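Just below is one structure, and these are the notes that go with it.
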Amino acid sequence: MRRTNPLVTIPEDVEKLVGQLEQFIQTGHIVEDDRLLPERILTEQLGTSRRKLRHAMAILEHKGLISTVPRSGTYVTVNNSGVVGGRGNQEETSNFQLMEARLGLEPVAARLASQVAGRSELLGLFHAMNLVKQRVDLHVSADDADTNFHLMIVKASHNPYIIGMMMMVEHLIREHYAPFRQQMLRDIRLSHAFLTQHEAIYLAIRHHDGDAAAKAAYDHILFSIRSFQGLKTAKKGAT
C-alpha cells in the first residue's frame, strides 16, 4: 500500500482502479455526454466490486475529476486535454458544473425568499413569471425573461453572498449555456414544463412555504440539467 497522506491509506487494487478510471475518462470509454456510465455497468466492465468502485470514485471526486449531481448522475469535470473545468480557460467551463452550482444556490435562495420577500418583490416575481409565459406563447426568445425570473428569486433572498455568487454563475451560464437554454425554451413540451415549475416556485414563495419553495427550485434546476443532457445527446446523434 502507498500512503498519499498521513490520514488516508489507499489499497493497491483501489489505486490501480483509480488509474484505470482516469485513463478511461480521458479516452471517453466510460462516458456518455459528460456523464459516467451507471455503477452496475462500471463494475461489470472493470471487473470490480461496488465497494471498491465507490472508493475509487470518491478519490476521483476529491481530486476534482468528477462531480456528482444528486438524483442525476456523476459527471466528468475534465476535458479531453486534461484541464479541469473551471480552472483553465473560461471557455472550458463545464455546463454541468455551472448547473450544479445553481442546484446548490437557488433552493437556498428560494427558501430565504419565502421568509423575507416583501409585497413589491412578490409582485415583481409574479410579473417576471408571466413575462416568460408571454414570450413563450408568442414564440419569441424568452431567455432574458427566464434569467430575470431566476435572478429575482435570488435577490428576494436579501442575502448579499448568495446574490453575488448567483450573479457570477448566471454570467457564466449565459456565456456557455444560453444556446441550449434558448433551444429548451423553444421546445413546447419543455417550455410548458418550465412554466409549471416556475409557478410552483412562485406560489411556494408567496405562501411562505420554505420547504416547498426549496424543493420546487431544486426540482426545476434538476429538470433543466436532465433536459440539457437530452439536448446534447440529440445534437450528438444528429452529427
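The values are calculated or read from the model by the stated rules, or taken from the named source; none is laboratory data. Everything quoted here is computed from the prediction, not taken from an experiment. Methodologically, a virtual Cβ is constructed for each residue, glycine included, from the backbone with ideal geometry; neighbour enumeration extends over all protein chains shown.
The condition of being of a type in the set (K, R) and either surrounded by 18 or more Cβ atoms within 10 Å (Cβ to Cβ) or free of Cβ contacts under 8 Å to residues at least 24 places away in the same chain (or both) does not hold for R174.
Candidates M152, M184, M129, M167: the one that is surrounded by fewer than 17 Cβ atoms within 10 Å (Cβ to Cβ), in contact (Cβ under 8 Å) with a residue 12 or more places away in the chain and of a type outside the set (S, T, Y) is M167. The single residue among L190, L138, L195 that is assigned by TED's automatic domain parsing to the domain that holds S224 and within 25 Å of E121 (Cβ to Cβ) turns out to be L195. Taking residues in segment 44-59 that are more than 14 Å from T74 (Cβ to Cβ) and in contact (Cβ under 8 Å) with a residue 12 or more places away in the chain, and partners anywhere that are assigned to a helix (DSSP H, G or I) and polar (S, T, N, Q), the pairs with Cβ atoms closer than 8 Å and at least 6 places apart or on different chains are L46/Q20. Of all the numbered requirements in (1) at pLDDT below 80; (2) in contact with a strand residue (DSSP E or B) (Cβ under 8 Å, 6 or more places away or on another chain), F180 misses one, and that requirement is (2). Tell me, please, whether a residue that is at pLDDT 85 or above, crowded, with 16+ Cβ neighbours inside 10 Å and out of contact with any Leu (no Cβ under 8 Å at 6 or more places or on another chain) can be found in segment 63-75. Scanning segment 63-75, I find no residue that is at pLDDT 85 or above, crowded, with 16+ Cβ neighbours inside 10 Å and out of contact with any Leu (no Cβ under 8 Å at 6 or more places or on another chain), so the answer is no.
Scanning segment 182-219 for residues that are farther than 22 Å from A113 by Cβ, assigned to a helix (DSSP H, G or I) and not small (G, A, S) yields Q182, Q183, M184, L185, R186, I188, R189, L190, H192.
The set of residues in segment 199-228 being in contact with a Phe, Trp or Tyr (Cβ under 9 Å, 6 or more places away or on another chain) and over 14 Å from V154 (Cβ atoms) consists of R206, A216, F223, S224, I225, S227, F228. If you check K215, K232, which single one turns out to be over 20 Å from A145 (Cβ atoms), in the same structural domain as D143 (by TED's automatic domain parsing), of a type in the set (D, E, K, R) and at pLDDT 90 or above? Answer to the selection: K215. Out of R40, R54, R2, one residue alone is modelled with pLDDT of 75 or more, charged (D, E, K, R) and in contact with an Asp or Glu (Cβ under 9 Å, 6 or more places away or on another chain). It is R54.
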